[in-house]
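Read through the structure below, which is laid out as structure tokens, and then see the notes.
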Amino acid sequence: MIATPQMALEAAAAVARRAGFAAHILGDAIEGEARDVAKVMAGIALQVARRDEPLRAPCVLLSGGETTVTVRGTGRGGRNVEFLLSLGIALDGHPRVHAIAGDTDGVDGLEEIAGALLGPDSLVRAWAQGLRPRDALADNDGHGFFGALGDAVITGPTLTNVNDFRAILVTGE
């Protein structure tokens, strides 16, 4: 059997539902600049968290596809950590939004890091360490940023590549 991006998202949706969350697949072919896709996803997550629109919290927003990164800096990073760093900045520590993003083959960019986790406290923890999220994003240094926080996700090679995977959890009140 050949795995597909949609199958990966459906499997994640099943896990989310078993954990008691409504799961919504937003698409398996979402593309564009990682930092821009993140701003759109942040807008959707904030609308859910603040207004229960267009979906009701608690829920998980799932998406896949391959974003791109225009390299402007000299940092270490891939498209998934770039997405998460931009998402974190846009969410500004909203207390009800958490996220994970990673490459399904276990390698985001050129390093043995699949992706990372983002929590409501990620920016505060970064500032406490002297990290500046906007500077890390400008330098394309998502791996350095999330690595310093201890939030990198390392899976090792998965031997399956069905694009990137993103999940945004919006918890209830």
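Readers should treat all values here as calculations from the given coordinates under stated rules, not as data from a laboratory. Predicted, not measured: the structure shown is a model, and the values here were computed from it. Cβ sites come from the backbone with ideal geometry, for glycine too, and all protein chains shown count toward neighbours.
For the range 1-102, just say rounded, prolate or oblate: build the C-alpha gyration tensor, square-root its eigenvalues into a ≥ b ≥ c, call rounded for a/c under 1.5, and beyond that prolate if a/b exceeds b/c, oblate if not. Each step should come with its number before you reach the end.
Values: a/c = 2.11, a/b = 1.18, b/c = 1.79.
It comes out oblate by the Cα gyration axes.
Taking amide H atoms as placed 1.01 Å from N in the peptide plane, list the residues 5 or more away in sequence, or in a different chain, whose amide H sits under 5 Å from that of residue 27.
Under 5 Å from the amide H of residue 27 lie the amide H atoms of 64, each far enough along the sequence or on another chain.
The list (i) 9, 34, 35, 19, 2; (ii) 9, 37, 40, 13, 0; (iii) 11, 41, 37, 11, 0 gives values of P(r) over Cα pairs in 10 Å bins from 0, in percent, and only one came from this structure; which label was calculated from it?
Matching entry in (i) 9, 34, 35, 19, 2; (ii) 9, 37, 40, 13, 0; (iii) 11, 41, 37, 11, 0: (iii).
Going by C-beta contacts inside 10 Å, put 18, 50 in order with the fewest on the left. Mind dumping the intermediate values first?
On the way: 18 9, 50 12.
With the sparsest Cβ surroundings first, the list reads 18, 50.
Taking 7 Å along the Cα-to-C-beta vector as the label spot, tell me the residue 18-residue 173 distance in nanometres, rounded to one decimal.
Taking the two extended label points, one gets 3.1 nm.
For the range 5-170, give me the percentage of DSSP beta bridges that are antiparallel, rounded to the nearest 5 percent. Could the numbers behind the result be given before it?
Numbers: 20 of 27 bridges.
Expressed as a percentage, antiparallel bridges in the range 5-170 total about 75.
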